[in-house]
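Engineer: Encoded as structure tokens, here's the structure I'll be asking about.
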Amino acid sequence: LKELDEEVKKTKLLFQRRIGEDGKTYTKEEFLIKFHDQQKWQDSKKPEDDDRPKWTIKDFCGPRLGAVVADSFTPQNAKGDTDWQIAFMRTLGRKGSVEMVKGLLQSQDVVTSLANEIFEYAKQIGAGAAATGDRLNDRFAGEGAYVMNYGLKADYVNGLEVRIGAPNALLLDTMITEHCDCADSTAAWTTGCYGIETTARTEWLLVAGEIIDELRDWTAELPAQNPQASGRPDEMPEHDWNAWQAVRSELAKQDHKRPREWPKETKNIRCGRTESRSRGFLKELAAINNRLRDLGEKTLLIEEALGLRLFTGPLFEKYNAVNRGGSLSGIKNPFMEQRFHQLCGEKGQENRFTTTIYVITSGLVKASKLSKVGTVFRGISGGIFPVR
């Protein structure tokens, strides 16, 4: 250990940085190659610490090491069985002891398993090109990267409820609350893709306003198209049309708060949503529902169309933050959990958009009945697979 400590001290010297006369930050080796002057290195300023999350062993290794420990004392016949695992933990808490837990861990030789995992992580860092803590931070955290976790089939089968809670049956009322009346509803954030500064309430009011406008215009068209019509499109069942109009009436209660303009893009401005927004999307939804109805499948609710439309805009960042870092159970990645709280509220005031995410999921499942089966590849920026 003494030899290791001495080597750590030597290695740490490589992490020192200075600001060169060109304003850029260099390690000592890079500085001497660039400026060829030891004295300049000594006289140069150290860069100030920024407020980004720092790279730590805990954040890098913690999630996987925690999984190793949890897996070691989970009974073999309980793996994949949620009820059995809950029963095991309840029994352990009531009838067990610290010594019993120690015995379970020792019987599985957890120390050896942890040592193997830690050494694998250390080899990854040792073989990497990043020379400083900040550069490791940039590589593994600054770009949202993290050590991923393998899930089980049970994680999929158990569904959303164990992750984000149960939805409220009053879909529209709850969606309004989740976007307009929660702690994060008026907190502005800037999106990564298009540099849009907006809030959850702003996005809700604008997209809800589109629903209002589309239904109002469509309703106004009907008498001119067919004076003998029943006041609804011929292709829509009366129940569905009445439900859509009820949603319109509810949304209209807050329409006076609708912003006059959409928040502007500061990046990728050629794809601005104010210039390229789709029109007539509710008529397209009616056509999709007719196809689903012909197949004997469930049709999409207008609340689901509203949720899906919100998901295509800036709010996808909040919804994804919930799914990636806001889980009520299971392993949480520290970086993703931090991002969740940044976007969706501090601890104790978190907004998980639970009902909205259920509605979006339901809409996707229904619409998938008209999709063609195909292979989909999902890229993940900066993440690395855990050691298996």
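The values are calculated or read from the model by the stated rules, or taken from the named source; none is laboratory data. Computed from a predicted structure; not experimentally measured. Ideal geometry is used to build each Cβ from the backbone, glycine not excepted, and the neighbour counts take in all protein chains shown. Heavy atoms of the whole protein, side chains included, go into the accessibility calculation; ligands, DNA and RNA do not. Shrake-Rupley method; radii C 1.70, N 1.55, O 1.52, S 1.80 Å.
Engineer: Report the FRET efficiency, 1/(1 + (r/R0)^6), for residue 217 and residue 342, where r is their Cβ-Cβ distance and R0 is 45 Å, rounded to 0.05.
Structural biologist: 0.70
Engineer: Helix 98-107: angle to the longest alpha-carbon principal axis of the chain, degrees 0 to 90, nearest 10?
Structural biologist: Helix 98-107 sits at roughly 80 degrees to that axis.
Engineer: Something else: Taking the chain as a Gaussian network, Cα atoms linked when under 10 Å apart, which of 222, 285, 172 shows the biggest mean-square fluctuation?
Structural biologist: Comparing 222, 285, 172 in the GNM, the peak value goes to 222.
Engineer: Which GluC sites (Glu not before Pro) does segment 162-269 hold that lie in a coil by DSSP with at most 10 other beta carbons within 10 Å?
Structural biologist: Within segment 162-269, the qualifying GluC sites (Glu not before Pro) (loop, at most 10 other Cβ atoms within 10 Å) are 261.
Engineer: So, one more: What's the FRET efficiency of residue 256 with residue 312 using the Cβ-Cβ distance as r and R₀ = 30 Å, to the nearest 0.05?
Structural biologist: Working from the Cβ atoms, E equals 0.75.
Engineer: Take every Cα pair under 8 Å in the chain that's 6+ residues apart, average their separations, divide by the length, and report that relative contact order as a whole percent.
Structural biologist: Averaging sequence separation for qualifying contacts and normalising by length gives 21 percent for the chain.
Engineer: Now for a separate question. By how many degrees, 0 to 90 and rounded to 10, does the Cα axis of helix 316-325 deviate from the longest principal axis of the chain?
Structural biologist: 50
Engineer: Quote to one decimal, in nm, the extra length available between residue 125 and residue 78 on full extension: 0.36 nm per residue of separation minus the C-alpha distance between them. Walk me through the intermediate numbers first.
Structural biologist: Numbers: separation 47, 0.36 × 47 = 16.92 nm, distance 3.49 nm.
Between residue 125 and residue 78, full extension yields an extra 13.4 nm.
Engineer: Calculate how steeply helix 110-127 sits against the longest principal axis of the alpha-carbon atoms of the chain, using the helix alpha-carbon long axis, and give the answer as 0 to 90 degrees to the nearest 10.
Structural biologist: Roughly 90 degrees, rounded to the nearest 10.
Engineer: Just to confirm my numbers, what's the Cα centroid distance between segment 308-336 and segment 105-122 in Å?
Structural biologist: 31
Engineer: With the Cα gyration tensor of the chain giving a ≥ b ≥ c as the square roots of its eigenvalues, does the rule (a/c under 1.5 for rounded; else a/b larger than b/c for prolate; else oblate) give rounded, prolate or oblate? Before the final figure, lay out the partial values.
Structural biologist: Details: a/c = 2.83, a/b = 1.55, b/c = 1.83.
It comes out oblate by the Cα gyration axes.
Engineer: If R0 is 30 Å, what FRET efficiency do you get for residue 16 and residue 115 from their C-beta distance, rounded to 0.05?
Structural biologist: Calculated transfer efficiency: 0.50.
Engineer: Also, quick follow-up: Send over a whole-number figure in Å² for the accessible area per residue of the chain, probe 1.4 Å. Provide the component values of the computation, followed by the final result.
Structural biologist: Numbers: 24130 Å² over 388 residues.
Heavy-atom SASA per residue in the chain reads 62 Å².
Engineer: Nearest 500 deg cm²/dmol is fine: what mean residue ellipticity at 222 nm does the chain get from its DSSP H runs of n ≥ 4 alone, each adding -39,500 (n - 2.57), divided by its residue count?
Structural biologist: Working: 18 runs with 209 residues, N = 388.
Helix contribution divided over all residues of the chain: -16500 deg cm²/dmol.
Engineer: Using a 1.4 Å probe on the protein chains only, how many percent of the accessible area of the chain belongs to carbon and sulfur?
Structural biologist: 54
Engineer: Sticking with this structure for a sec: To the nearest 20 debye, what is the magnitude of the charge dipole of the chain about its Cα centre, counting +1 on the Cβ of each Lys and Arg and -1 on the Cβ of each Asp and Glu?
Structural biologist: My answer is approximately 680 debye.
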